[in-house]
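Chemist: Following this message is one structure expressed as structure tokens.
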Amino acid sequence: MKYIVVSGGVVSGLGKGITISSLGRLLKSCGLSVTSIKIDPYLNVDAGTMSPFEHGEVFTLHDGGEADLDLGNYERFLGVRLSKDHNITTGKVYREVISRERRGDYLGKTVQVVPHITNEIQDWIERVAQIPVQEAEGAQGQVADVCLIEVGGTVGDIESMVFLEALRQFQFKVGEENFMLMFVSLVPVLGSVGEQKTKPTQHGVKELMSLGLFPKVIFCRSSQPLETATCKKISSFCHVPPSCVLSVHDVDNIYHVPLLLMEQNLHGIILDHLKLQAPVLPPDIGAWRNFAENIDKFTKVTKICLIGKYSTFQDSYLSVIKALKHASVAVERDLDLQWVEASDLIKPDKDDKTQPELENGETWETRELKHKEAWEMLKGCDGVIVPGGFGVRGVEGKIAAATYCRENKKPYLGVCLGFQVMVMEYARSFCDMPLANSTEMDENCEHPVVIFMPEIDKDTLGGTMRLGARDTLIEDFEGGGKSISYHLYGKKDRVSERHRHRYEVNPSKVSAIQSKGLHFVGKDETGERMEIAELSRDRHPYYVACQYHPEFQSRPLKPSPPFHGLLLAASGQLDEFIAKSENA
Ligand code: GLN
């Protein structure tokens, strides 16, 4: 196994994850198989209990692992499927060592950070690197040629020290030609002459070196391409040849980064150091290049409204945005994503005690203005997505959006909470259940159409939802005719998608709702759990929602079917797509 370890310095949010996944993409284009491990030095066992507002979305893996969103970037760029063990946190490592200590496995020894924690980290890495990576649905997994390891945080953080120490030892354990360290740094531009500054990089590298770690490649994040003088300076101060100081400057879209790295011969540098033979040279990156370049070229625009709760913090919906992007490229449209805060869709009313109090200098007038703007956006867009979410805030706004889309034939995709919202809306409007709600929002509501799943633990939050991949069986519409989902999923009647929820459609309300025309065309294997709902196409161009999160399996060159459907409908191409599918 060849290991490439990447750490970062100066500041977080440098785009380290994108740089590493691009590096992986490049190696894949050389015909190598690649896996990856993300190290998060925080104490949480996993990201499942962390607020998306603070930490970005919780990326859900096939095996139900709740991981840092960087694992999503790896899956998308590398086209692989990772497991919960590919995300190592301080919490996980300590939990493992402490439970071993309790079992008496250390035979009376004093259990210490060095060597017990550092050994545990090294063993973990070696074990996980050997897990075969499955490249595609149903494909035989194989052990990768190269394992990428991203060390989260920045060099110098107290909490990442133990991981860096473990990796320092690890380089001797696996041997020099099997280990390559890289460093991602920031090269800021200061002053009126716009000089590129190298000091932060020098300090970062020095810090690493003092820990016994010597980077072989330095990635310099900068707004403009790295100047030759800057490159030379970094080279001479940081003990790497100029050819190994790479410019990772801002590009039109992130999909250009693998190309940028290829132009600077990163693959050559790696193959050389790791003494690796690549089956495909020069790298076969044509399809990826087309994808990256196409994105910049479309002239027609599709406007999609995302109705969220954390709409000021876009990382909370990272995979949803990526899935919309992938789908818009597939339908050859530029994506104009509009953010609507769900609670802004609710009519402000100072006498309504259920409405949130004014905050941050708000007045009832400014709230009224935001309300007006939100509705203008909703009315002016080509399609709407209501993504997953938790808690009561904004839910009535999402329901209002679902009503509007249904009545005005605006394409609508609901995901997880967006699915539950669609069902509540329908029950209120058509099924004599004006008080239809989810027991998540109102425990004692009169018409509970969405209820707590019986097998879920109410007392522990971490890792206790219905998590990970489950099969959905796709059926015809009641009364005949293939569902939209059937066509979108390439005429499959069984699909496997990832879940992350605690509530579900109340099985006892299903027949009442379906008899009024909202068709549950996807169910789990028992037939008890509702997974996909659709209106028939004679009633609405695209009114589709799913309990699962299809965004997690969307890939740049293989968009997620429900998202593809939304963009096809929003750009007026769905009829043609279905006709083609029917005749195929
Ligand atoms: N809050 C809802 C549930 O737990 C939806 C979850 C989600 O959208 N991920 O069922």
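Chemist: Short version: ³J(HN,Hα) in whole Hz for each residue of the stretch 146-161, in order, from phi by Karplus 6.51 cos²θ - 1.76 cosθ + 1.60 (θ = phi - 60°), x for Gly and Pro, what are they?
Modeler: Karplus-based 3J(HN,Hα) across the stretch 146-161 equals 10, 10, 8, 10, 9, 9, x, x, 10, 4, x, 5, 4, 6, 8, 3 Hz.
Chemist: Hey, if you drop one equal point scatterer on each alpha-carbon of the stretch 364-440 and run the Debye formula without solvent, what base-10 log of I(q)/I(0) do you get at q = 0.13, 0.18, 0.20, 0.23 Å⁻¹?
Modeler: The Cα Debye sum returns log10 ratios of -0.41, -0.76, -0.91, -1.11.
Chemist: How big is the Rg/Rh ratio for the stretch 117-186, C-alpha atoms only, Rh by Kirkwood, two decimals? Don't skip to the end; give the middle numbers.
Modeler: Details: Rg = 14.2 Å, Rh = 13.8 Å.
Using Cα coordinates only, the ratio equals 1.03.
Chemist: A follow-up question, please. Isolated Cys in the chain by the 4.7 Å beta carbon test?
Modeler: Among the cysteines of the chain, those whose Cβ sits 4.7 Å or more from every other are Cys30, Cys147, Cys220, Cys231, Cys238, Cys244, Cys405, Cys416, Cys431, Cys445, Cys546.
Chemist: Tell me the relative contact order for the stretch 197-269 as a rounded percent, counting alpha carbon contacts under 8 Å between residues six or more apart.
Modeler: Numbers: 73 pairs, mean separation 22.0, N = 73.
Value for the stretch 197-269: 30 percent.
Chemist: What are the aspartates and glutamates whose alpha-carbon lies under 16 Å from the alpha-carbon of Lys297, with same-chain residues fewer than 8 places away excluded?
Modeler: Within reach: Asp252, Glu332, Asp334, Asp336.
Chemist: Could you give me the ³J(HN,Hα) list for the stretch 90-107, computed from phi with Karplus coefficients 6.51, -1.76, 1.60 and θ = phi - 60°, whole Hz, x at Gly and Pro?
Modeler: 4, x, 5, 5, 5, 4, 5, 5, 5, 6, 5, 4, 5, 6, x, 5, 8, 6
Chemist: Rg and Dmax in Å for the stretch 50-91, alpha carbons only: what are they?
Modeler: For the stretch 50-91, the Cα radius of gyration and maximum Cα-Cα distance read 10.1, 28 Å.
Chemist: Write down the Å³ per residue value for the convex hull defined by the alpha carbon atoms of the stretch 390-496.
Modeler: Per residue, the Cα convex hull of the stretch 390-496 comes to 141 Å³.
Chemist: Could I ask something else about it? Can you check what the Kirkwood hydrodynamic radius comes to for the stretch 442-484, Cα pairs only, in Å to one decimal?
Modeler: Numbers: mean 1/r = 0.0702 Å⁻¹.
The answer is 14.2 Å.
Chemist: Let me ask something else about it. Hey, what's the per residue convex hull volume over the C-alpha atoms of the stretch 38-171, in cubic angstrom?
Modeler: Residue-normalised Cα hull volume stands at 129 Å³.
Chemist: Mind jotting down the three principal axis lengths of the stretch 258-379 based on Cα atoms? Whole angstrom, largest first.
Modeler: Answer, in whole Å and largest first: 72, 33, 19 Å.
Chemist: While we're looking at this one, here's another question. Reachable aspartates and glutamates from Lys350, Cα under 20 Å, same-chain residues fewer than 8 places away excluded?
Modeler: The reachable aspartates and glutamates, counting only those whose Cα sits under 20 Å from Lys350, are Glu341, Glu359, Glu362, Glu365, Glu368, Glu373, Glu396.
Chemist: In the calculated pair distance distribution of the stretch 535-579, what percentage of Cα-Cα distances lie above 14 Å? Write down the numbers at each step before the final one.
Modeler: Values: 512 of 990 pairs.
Of all Cα-Cα pairs in the stretch 535-579, 52 percent lie more than 14 Å apart.
Chemist: Given the -39500 (n - 2.57) contribution per DSSP H run of 4+ residues, what per-residue ellipticity at 222 nm results for the chain, rounded to the nearest 500 deg cm²/dmol? Please report the intermediate quantities before stating the final value.
Modeler: Details: 19 runs with 204 residues, N = 584.
Per the formula, -10500 deg cm²/dmol.
Chemist: Compute the distance in nm between two label points, each set 7 Å from the Cα along the Cα-to-Cβ direction, one at Ser210 and one at Lys173.
Modeler: 2.6 nm
Chemist: Then there is this: Within the stretch 144-162, list the residues whose amide N lies under 16 Å from a label point set 7 Å along Cα→Cβ of Asp85.
Modeler: 144, 147-148
Chemist: Something else: What FRET efficiency comes out for the pair Glu528/Gln140, r = Cβ-Cβ distance, R0 = 41 Å, nearest 0.05?
Modeler: Numbers: r = 33 Å, r/R0 = 0.80.
So, using R0 = 41 Å, E works out to roughly 0.80.
Chemist: Report the Stokes-Einstein translational diffusion coefficient (µm² s⁻¹, integer) for the stretch 175-289, Rh taken as the Kirkwood radius over Cα pairs, at 10 °C with viscosity 1.306 mPa s.
Modeler: Working: Rh = 15.2 Å.
Rounded, D is 104 µm²/s.
Chemist: Can you flag which of Lys325/Lys580; Lys28/Lys303; Lys84/Lys516; Lys38/Lys558; Lys410/Lys558; Lys216/Lys558 are past 30 Å Cα-Cα? List each step's numbers first, then the result.
Modeler: Values: Lys325/Lys580 23 Å; Lys28/Lys303 34 Å; Lys84/Lys516 41 Å; Lys38/Lys558 24 Å; Lys410/Lys558 25 Å; Lys216/Lys558 34 Å.
Pairs exceeding the cut-off: Lys28/Lys303; Lys84/Lys516; Lys216/Lys558.
Chemist: Suppose we look only past 21 Å in the calculated P(r) of the stretch 107-252. What percent of the Cα-Cα pairs does that tail hold? Could you put the intermediate results ahead of the total?
Modeler: Numbers: 5822 of 10585 pairs.
Cα-Cα pairs in the stretch 107-252 separated by more than 21 Å: 55 percent.
Chemist: So if I take the centroid of the Cα atoms in the stretch 197-215 and the same for the stretch 268-305, what is the distance between those two points in Å?
Modeler: Spelled out, the Cα-based centre of one part sits 30 Å from the other.
Chemist: Where q = 0.13, 0.15, 0.16, 0.20 Å⁻¹, what log10 of I(q)/I(0) comes from the Debye formula for the stretch 463-584, counting one point per Cα?
Modeler: For the stretch 463-584 at q = 0.13, 0.15, 0.16, 0.20 Å⁻¹, log10 I(q)/I(0) is -0.51, -0.68, -0.78, -1.20.
Chemist: Any idea what Rg and Dmax come out to for the stretch 318-477 if you just take the C-alpha atoms, in Å?
Modeler: Computed over the Cα atoms of the stretch 318-477, radius of gyration and Dmax are 17.5, 52 Å.
Chemist: Let me ask something else about it. Can you give me the convex hull volume of the Cα atoms of the stretch 14-108, divided per residue and expressed in Å³?
Modeler: Numbers: hull volume 11.6 nm³, N = 95.
Convex hull of Cα atoms, per residue: 122 Å³.
Chemist: For the stretch 48-161, what is the charge dipole size about the Cα centre, in debye to the nearest 20, if Lys and Arg each add +1 at the Cβ and Asp and Glu each add -1 at the Cβ? Don't skip to the answer; put the middle values down first.
Modeler: Details: 10 positive and 20 negative charges, 102 e Å.
Taking the Cα centre of the stretch 48-161 as origin, the dipole is about 500 debye.
Chemist: What list of ³J(HN,Hα) values in whole Hz, one per residue of the stretch 125-131 in order, does the Karplus curve 6.51 cos²θ - 1.76 cosθ + 1.60 (θ = phi - 60°) give from phi, with Gly and Pro shown as x?
Modeler: Using θ = phi - 60°, the values come out as 4, 5, 5, 6, 4, 7, 5 Hz.
Chemist: Would you mind checking which residues have amide H under 5 Å from Thr89's amide H? H placed 1.01 Å from N; only 5 or more apart, or other chain.
Modeler: Distant-sequence amide H within range of Thr89: Asp40.
Chemist: Let me ask something additional. List, in the order given, every pair from Lys379/Lys409; Lys206/Lys233; Lys92/Lys173 whose Cα-Cα distance in the structure shown is over 19 Å.
Modeler: On the way: Lys379/Lys409 11 Å; Lys206/Lys233 14 Å; Lys92/Lys173 23 Å.
Those over the limit are Lys92/Lys173.
Chemist: If contacts are Cα pairs under 8 angstrom and at least 6 residues apart, what is the relative contact order of the chain in percent? Walk me through the numbers before you get to the answer.
Modeler: Details: 1137 pairs, mean separation 85.4, N = 584.
Rounded, it is 15 percent for the chain.
Chemist: If N is the number of residues in the chain, what value comes out of its Cα radius of gyration divided by 2.2 N^0.38 Å?
Modeler: Scaled against compact globular proteins, the figure is 1.03.
Any read-out appearing in this document is the output of simple, stated calculations on the displayed coordinates, not a laboratory observation. Computed from a prediction, not measured in an experiment: that's the story for all the values here. Cβ sites come from the backbone with ideal geometry, for glycine too, and all protein chains shown count toward neighbours.
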